[in-house]
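Scroll down for the structure; my scribbles are underneath it.
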Amino acid sequence: MPQTSSTNRRFVLAERPAGMPTASTFRLETVDIPKPAEGQMLLRTLWLSLDPYMRIRLNEGYSYRPGVDLGGAMVGGTISRVEESRHPGYKAGDLVIAASGWQDYALSDGSDIDIKLDPSMAHPSWGLGVLGMPGFTAWHGLVNIGEPKAGETFVIAAATGAVGQIAGQLAKARGLRAVGIAGGADKCRYAVEELGFDACVDHRSADLPGDLKKACPDGIDIYFENVGGAVFDAVLPLFNLHSRMAICGLIAHYNGGGESGDRMPLLLTSLLKRLKTQGFIIYDHYAEHYEAFFREMSGLLAQGRIKVREDVIDTLEGAPQGLVSLLEGRNFGKVVVKVA
């Protein structure tokens, strides 16, 4: 859909999906660009983040945040530029990590802005990945919940995704043995040869439990859960005494699949192995920990100790299919949409 200087493209939720979203889940609209009132600013979306949590927000009701209303603009993190400001804390030209959603323009009163970025930064989209919510998720889950000790074994699924690629590299930086689980030989090869994982197991293998056991000969001390389903079933028997599990997502279950009926193995393992399990929603931790994360991650990037891979979608119109591909595991790296 062509855009003019006076129109705003936006995707709204057209219907609630049963299972995987489809082309009819979203509707592309063109509306007028809004005007900021006193205390507001107009944000121009430059980059849009696509993330697994978006599937939950398509459901009716409240999970950790309200679901998107039918007919409402689809939510999402963005890198945005301040086009016009009537807010005392921002001026035109400022670059910010915001939550403008799937649209060209949005109004903000500043409450949805995480941080200002250097307008001259070489890779602004990194504010949605390694320096943004996924990177912060990886750091918090490993550092504050995993409580890593050098020499321990760390395992994470979706190892080449937005969170996994960062968590594994952070684990290596702290002297851990990092083992990834990913979909396909190419992703596993990339995790080991480019990201520096010690091993990576293909979750499509005919013997995932056996392959994972070989990759973790000394068991698992820290597991970063973001998938669930058969992957977790393979991990469960390998927990060591006093191991820790950080849970940030359950991708296998978001579309109604991956259900596990018997809870006794998890409960028994939690008891016998003294397993520490903590689920977390990263938005709860920005005020306390984001500054420390941003400082450390910026330093690691400057030193060349963290590699970043992005899966870039070139147009806003590609966002719906991009989300479906992400939920199906067909992405390779952090998925971002170049909007402008």
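Every condition in (1) in a helix (DSSP H, G or I); (2) open to solvent by 50 Å² or more (accessible area, probe 1.4 Å) holds for ALA206 except the one numbered (1). For ALA159, the conditions (1) in a loop (DSSP other than H, G, I, E, B); (2) open to solvent by 10 Å² or more (accessible area, probe 1.4 Å); (3) of a type in the set (A, V, I, L, M) all hold with the exception of (2). Within region 195-213, the set of residues being farther than 23 Å from ILE145 by Cβ, acidic (Asp, Glu) and in contact with a helix residue (DSSP H, G or I) (Cβ under 9 Å, 6 or more places away or on another chain) comprises ASP202, ASP211.
Restricting SER85, SER100, SER49 to residues that are touching an Asp or Glu at 6+ places or on another chain (Cβ under 9 Å) and closer than 17 Å to PRO320 by Cα narrows the list to SER100.
Rundown of residues vs (1) farther than 21 Å from SER325 by Cβ; (2) touching a strand residue (DSSP E or B) at 6+ places or on another chain (Cβ under 8 Å); (3) of a type in the set (A, V, I, L, M), yes/no style:
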position: LEU170; (1), (2), (3): yes, no, yes
position: LEU176; (1), (2), (3): yes, yes, yes
position: GLY180; (1), (2), (3): no, yes, no
position: GLY183; (1), (2), (3): no, yes, no
position: LYS187; (1), (2), (3): no, yes, no
position: PHE197; (1), (2), (3): yes, yes, no
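Within the span defined as region 23-31, every residue fails to be open to solvent by 20 Å² or more (accessible area, probe 1.4 Å) and part of a loop (DSSP other than H, G, I, E, B). Does region 293-335 hold any residues that are closer than 12 Å to TRP126 by Cβ, open to solvent by 20 Å² or more (accessible area, probe 1.4 Å) and either in contact with a Gly (Cβ under 6 Å, 6 or more places away or on another chain) or hydroxyl-bearing (Ser, Thr, Tyr) (or both), and which are they? Of everything in region 293-335, those that are closer than 12 Å to TRP126 by Cβ, open to solvent by 20 Å² or more (accessible area, probe 1.4 Å) and either in contact with a Gly (Cβ under 6 Å, 6 or more places away or on another chain) or hydroxyl-bearing (Ser, Thr, Tyr) (or both) turn out to be SER298, ARG309, GLU310. Filtering region 106-128 to residues that are of a type in the set (Gly, Ala, Ser) and under 19 Å from the mean Cα position of the chain (by Cα) leaves SER125, GLY127. What's the total number of residues in region 214-246 that are in a strand (DSSP E or B) and either within 15 Å of PRO148 (Cβ to Cβ) or modelled with pLDDT of 95 or more (or both)? Matching residues across region 214-246 total 13.
If the condition is being of a type in the set (Val, Ile, Thr) and open to solvent by 10 Å² or more (accessible area, probe 1.4 Å), then region 176-199 contributes only VAL192.
Residue check: PRO119 meets all listed conditions (1) over 20 Å from GLN278 (Cα atoms); (2) part of a helix (DSSP H, G or I); (3) open to solvent by 10 Å² or more (accessible area, probe 1.4 Å) but one, namely (2).
Results for (1) open to solvent by 30 Å² or more (accessible area, probe 1.4 Å); (2) over 19 Å from GLY127 (Cα atoms), shown as yes or no for each residue.
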{"residue": "ARG9", "(1), (2)": "no, yes"}
{"residue": "VAL12", "(1), (2)": "no, yes"}
{"residue": "GLU15", "(1), (2)": "yes, yes"}
{"residue": "ALA37", "(1), (2)": "yes, yes"}
{"residue": "ARG44", "(1), (2)": "no, no"}
{"residue": "GLY71", "(1), (2)": "yes, yes"}
{"residue": "ASP104", "(1), (2)": "no, no"}
{"residue": "GLY110", "(1), (2)": "no, no"}
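Residues in region 220-246 that are open to solvent by 10 Å² or more (accessible area, probe 1.4 Å) and farther than 18 Å from GLY161 by Cβ: ASP221, ASP233, LEU236, PRO237, LEU238, ASN240, LEU241, HIS242, ARG244. When SER100 is tested against the conditions (1) within 30 Å of PHE239 (Cβ to Cβ); (2) modelled with pLDDT of 95 or more; (3) within 19 Å of the chain's Cα centre (by Cα), the lone failure is (1). Name the single residue that is surrounded by the fewest Cβ atoms within 10 Å (Cβ to Cβ) among those in region 46-69 being within 19 Å of PRO17 (Cβ to Cβ) and of a type in the set (S, T, N, Q). If we take residues in region 46-69 being within 19 Å of PRO17 (Cβ to Cβ) and of a type in the set (S, T, N, Q), then SER63 is surrounded by the fewest Cβ atoms within 10 Å (Cβ to Cβ). Against the criterion of being of a type in the set (Val, Ile, Thr) and out of contact with any Phe, Trp or Tyr (no Cβ under 9 Å at 6 or more places or on another chain), VAL68 qualifies. The residues of region 67-80 that are more than 19 Å from ASP32 (Cβ to Cβ) and either in a strand (DSSP E or B) or among the small types (Gly, Ala, Ser) (or both), listed by number, are GLY67, GLY76, GLY77, THR78, ILE79.
The values are calculated or read from the model by the stated rules, or taken from the named source; none is laboratory data. The structure presented is a predicted model; accordingly, all values stated were derived computationally and were not measured. Backbone-built Cβ (ideal geometry, glycine too); neighbour counts: all protein chains shown. Each accessible area value is taken on the protein alone, full model and side chains, heavy atoms only, with ligands, DNA and RNA left out. Shrake-Rupley method; radii C 1.70, N 1.55, O 1.52, S 1.80 Å.
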